[in-house]
Amino acid sequence: MNAYKEAIEYLYTRLPMFTRDGASAFKKDLDNTIRLCNALDNPQQKFKTLHIAGTNGKGSTSHMLAAILAQAGYKTGLYTSPHLLDFRERIRVNGLMCEEKFVTDFVHKHRALIEDVQPSFFEITVAMAFDYFERSKVDIAVIEVGLGGRLDSTNIIKPLLSVITNIGFDHMNLLGDTLGEIASEKAGIIKENIPVVISEYAAETASVFLNKAHAEAAPIQFASQFYQTRILGVDQDYLNIEAIDGNGAIDHYQLDLKGSYQVKNLAGVLLAVDELRKQGFEISSAHVHEALKHVQSTTGIQGRWQQLSKDPFVICDTGHNEDGIHEVLKNLNATTYNKLHFVIGAMRDKDLTHMLPYLPKDAIYYFAAPDMPRAMPPDLLRQEAVAFDLNGVDYSSVQEAFAAAKAAYEGGDLIFVGGSNFVVAEVLAEMAERP
């Protein structure tokens, strides 16, 4: 067997993995990450970082900031999760995935440490990313929180700036049942004297962030109070957004990430760039404009309102919680099509009452389960959906469901793939295998 594949298989099978095992893989302290990084001589202390948290939007925000920093000439690391097709998507420098040899060598060299610490899959990948960024001598790394914030493995860094995007209902079994409780977990990345940008002001959560920032003497700004952003339109290539800053200056941006929800993320990104400039980073307006037009090609981001083909017309999106689904619906409502074919799957631990009631009742549903133990059986998902007047057929695999949608497709229709990162990942993999 290929040495890289053996190393990845070891990580997948030997370590608790949230995407596979759910809550049992979530470690509610930072002890393992601290032990791992101590053994690696604390690489996270040897390069500058940005820390990004939030329910939705943290992935897009992380990729946009990484693209801007790289465009401005900084050697930029990017750590994100989960990956869709290749484990190495999690660890990038200037958009390039880490080498297979690095992963193989890391696992081989530190296997005794892994066996001793018994970390989760996420904990070891965080330590691996920090080690890679230090070895790569990055100027700065954008670090995306995996889950929550306060107890997330990434929360051992001392960043130049923290950014918190949208707060919504997701992972309530781990983060809390109210927006305030969830916000409190996200606010855990706010650190003493370190500026924080909150992308959206929301009455339900603002006091949580303000109180935490005050306790930490951390300068805090709400981007939506400084930048007014609105969508001007979307064409074949770009989402066009107008931004008006607090001084009344107007600018227009073209984003190759075309989901309407990027209008919220952009405000946070622009204010984060303003803060980086205050800290001495040389980022011009031209750098920002050019980077935002090429986020996908610069960073490799996938699954954000991504068009996979024109005929059949196929779009995928990884939005899978209540706010994410609302944004998906906004995009569907702004898209012209005759009939909607919806390929959908979900995880067993997902609270479906935060997703199913909002889905379009006139769509044809193709219920499926991605190939992982944590997936909800498709027949059970279909039964849950019927209670909300969502009708369709369940299939034994995502591939069968997608094939059925394509067989039923007629010109002018739309096939949408979503409900779970892992449903999207399997369709992306299938599309990538086409000649």
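The values are calculated or read from the model by the stated rules, or taken from the named source; none is laboratory data. What you see is a predicted model; the values in this text were computed from it and never measured. For neighbour counting, all protein chains shown are included, and Cβ atoms are generated from backbone atoms with ideal geometry for every residue, glycine included. Surface accessibility is based on the protein's heavy atoms, side chains included, excluding ligands, DNA and RNA. Shrake-Rupley method; radii C 1.70, N 1.55, O 1.52, S 1.80 Å.
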- State the answer as a single residue: which of 325, 365, 412 lies farthest towards the positive end of the charge dipole of the range 306-433, with beta carbon charges of +1 for Lys and Arg and -1 for Asp and Glu, about the Cα centre. 412
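Using a Förster distance of 25 angstrom, determine the FRET efficiency expected from the C-beta separation of residue 231 and residue 311, and round it to 0.05.
It comes to 0.40.
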- Relative contact order for the chain using alpha-carbon pairs under 8 Å, separation at least 6, rounded to a whole percent? 15 percent
- Which Cα, out of 308, 208, 340, lies furthest along the positive dipole direction of the chain (beta carbon charges, K/R +1, D/E -1)? 208
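By accessible area of protein heavy atoms, probe 1.4 Å, what ranking do 365, 74, 4, 201 get, highest first?
201, 74, 4, 365
Place a +1 charge on the Cβ of each Lys and Arg in the chain and a -1 charge on the Cβ of each Asp and Glu, then give the dipole magnitude about the Cα centre in debye, rounded to the nearest 20.
Values: 40 positive and 56 negative charges, 165 e Å.
Dipole size: approximately 800 debye.
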- Item | Across 186/258; 258/406; 58/158; 339/361; 46/191; 58/293, pairs whose alpha-carbon gap is larger than 20 Å | 186/258; 258/406
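From the Cα gyration tensor of the range 3-299, with a ≥ b ≥ c the square roots of its eigenvalues, which class applies: rounded if a/c is under 1.5, or else prolate if a/b is larger than b/c, or else oblate?
Values: a/c = 1.75, a/b = 1.40, b/c = 1.25.
Verdict is prolate for the range 3-299.
Mind putting a number on the dipole of the range 87-135 about its Cα centre? Charges go on the C-beta only, +1 for Lys and Arg and -1 for Asp and Glu, and I need it in Debye to the nearest 20. Don't jump to the answer; show the numbers that get you there.
Numbers: 7 positive and 9 negative charges, 31 e Å.
Rounded to the nearest 20 debye, it is 140 debye.
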- Message: Nothing charged except the Cβ atoms of Lys and Arg (+1) and of Asp and Glu (-1): what's the magnitude of the dipole of the range 306-433 about its Cα centre? Round to the nearest 20 debye.
- Response: 120 debye
- Note on the structure: Excluding ligands, DNA and RNA, the carbon-plus-sulfur percentage of the accessible area of the chain with a 1.4 Å probe reads 48 percent
- By the C-alpha gyration tensor axes a ≥ b ≥ c (rounded if a/c is under 1.5, else prolate when a/b exceeds b/c, else oblate), the shape of the range 306-433 is rounded
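In what sequence, largest accessible area first, do 274, 349 appear using a 1.4 Å probe?
Working: 274 30, 349 65 Å².
Sorted descending by solvent-accessible area, the residues read 349, 274.
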- Query: Given the rule -39500 (n - 2.57) for each run of at least 4 DSSP H residues, summed and divided by the residues of the chain, what is its mean residue ellipticity at 222 nm, to the nearest 500 deg cm²/dmol?
  - Reply: -11500 deg cm²/dmol
- Message: At 1.4 Å probe size, what's the solvent-accessible area of residue 372? Round to the nearest 10 Å².
- Response: 40 Å²
- Query: Using a 1.4 Å probe, what is the accessible area per residue for the range 3-299, in Å²?
  - Reply: 39 Å²
- Note on the structure: Expressed in square angstrom to the nearest 10, the accessible area of residue 339 with a 1.4 Å probe stands at 80 Å²
- Message: Cβ neighbours within 10 Å, averaged per peptide: list 205-212, 248-255, 287-294 in order, most packed at the top.
- Response: 287-294, 205-212, 248-255
- Item | Other-chain or far-sequence residues with amide H under 5 Å of residue 164's (modelled H) | 53, 197, 198, 199
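Arranged from highest to lowest average of other beta-carbon atoms within 10 Å per residue, in what order do the peptides 85-95, 225-235, 316-326, 354-364 appear?
On the way: 85-95: 20.0, 225-235: 14.4, 316-326: 21.6, 354-364: 16.3.
Averaged packing, sorted descending, gives the order 316-326, 85-95, 354-364, 225-235.
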- Determine the order of 336, 298, 61 by accessible area, beginning with the largest, at a probe radius of 1.4 Å. 336, 298, 61
- Report, in whole Å, the centroid distance computed from the Cα atoms of the range 250-329 and the range 379-409. 30 Å
